[in-house]
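Novice: Attaching a single structure in structure tokens format; questions to follow.
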Amino acid sequence: MEKIILLEDLENAENKTLYMTFDEKIEGLDCVTPIKAELCAKSLGDFVQVSGHVNGKILLECDLCLEKFEYELDFDIDEVYSKHSLLGDYEESGQEFELKDGQFVTDLNGENEIDIYDLLYQSVILDLPNKKVCGINCKGREFLSEEISADPRLEVFKNIQINPKK
């Protein structure tokens with residue numbers, strides 16, 4: 001399976017549209033199942049739009065209890081790439097920039113291809129929750145409070161009395 005979209009192939013395709021599927025594990029992610037994606041790439045003049053749907057399962061570590069848990073991926077992709085630099089000489093190319101509120105465009109910086117593998121890796125990372133919690137009832141590591149009380153440097157905090165302001 002091709003992991004890249006060649007801009008030349010896209011321009012020569014019927015209706016300047018290519019459809020592709022992705023069904024494999026992505027290096028750098030702890031995949032339980034292969035990451036599956038149904039993607040559509042469209043040439044829109046100076047831009048290329050890649051859209052589609054992604055699903056699969058990966059293992060994450062709970063921020064509270066530090067145990068591994070399965071996280072279900074199920075999200076849409078809608079990325080826009082600029083074939084030609086829109087930033088000019090004063091800006092660093094190869095970066096993502098915003099055309100108008102909420103619409104980001106990635107500058108291909110003269111490249112003639114789009115790396116689907118990289119697109120999917122970045123999309124999965126961006127889809128992950130800020131706080132990774134294994135479940136609504138996770139109370140964290142119960143032994144953590146025991147570890148804190150066992151540290152002699154923290155004994156001073158046991159005798160602190162807080163008087164509320166009147």
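Read-outs throughout are calculated quantities, based only on the coordinates presented, and are distinct from any laboratory measurement. What you see is a predicted model; the values in this text were computed from it and never measured. Cβ atoms come from the backbone with ideal geometry, glycine included; neighbour counts cover every protein chain shown.
Novice: Where the only charges are on Cβ atoms (+1 Lys, Arg; -1 Asp, Glu), what is the dipole of region 1-68 about its Cα centre, to the nearest 20 debye?
Specialist: 180 debye
Novice: When you take every Cα atom in region 29-75, what is the radius of gyration, and what is Dmax, the widest Cα pair distance, in Å?
Specialist: Spelled out, the Cα radius of gyration and Dmax of region 29-75 are 15.5, 50 Å.
Novice: What's log10 of I(q)/I(0) for region 1-50 at q = 0.16, 0.19, 0.26 Å⁻¹, Debye sum over Cα points only, no solvent?
Specialist: -0.53, -0.67, -0.95
Novice: Here is a follow-up. Please give the length that would be gained between Lys42 and Asp76 if that part of the chain were fully extended, namely 0.36 nm times their separation in residues minus their C-alpha to C-alpha distance (nm, one decimal). Write down the numbers at each step before the final one.
Specialist: Details: separation 34, 0.36 × 34 = 12.24 nm, distance 1.58 nm.
Separation in residues times 0.36 nm, less the Cα-Cα distance, equals 10.7 nm.
Novice: Still on this structure: I'd like to compare 125-138, 58-71, 41-54: which one has the highest average count of other Cβ atoms within 10 Å, and what's the full order after that? Don't skip to the answer; put the middle values down first.
Specialist: Numbers: 125-138: 10.8, 58-71: 14.7, 41-54: 16.7.
Result, highest mean Cβ count within 10 Å first: 41-54, 58-71, 125-138.
Novice: Shifting gears a bit: Taking amide hydrogens as modeled 1.01 Å from N in the peptide plane, which residues meet the under 5 Å criterion relative to Glu24, leaving out close sequence neighbours?
Specialist: Here Ile35 satisfy the definition.
Novice: Two-decimal Rg/Rh of region 4-140 from alpha-carbon positions, Kirkwood Rh?
Specialist: My calculation puts Rg/Rh at 1.05.
Novice: If the cut-off is a Cα-Cα distance under 17 Å, which lysines reach Lys68, setting aside same-chain residues fewer than 8 apart in sequence?
Specialist: In chain and number order, the partners are Lys57, Lys131, Lys132, Lys139.
Novice: As I understand it, the dipole of region 15-67 uses +1 on the Cβ of Lys and Arg and -1 on the Cβ of Asp and Glu, about the Cα centre. Which of Ile58, Gly28, Leu39 lies farthest toward its positive end?
Specialist: Farthest along the dipole direction, towards plus: Leu39.
Novice: Quick one: 3J(HN,Hα) in Hz for region 114-120, Karplus 6.51/-1.76/1.60 with θ = phi - 60°, rounded, Gly and Pro as x.
Specialist: 10, 7, 5, 4, 5, 4, 5
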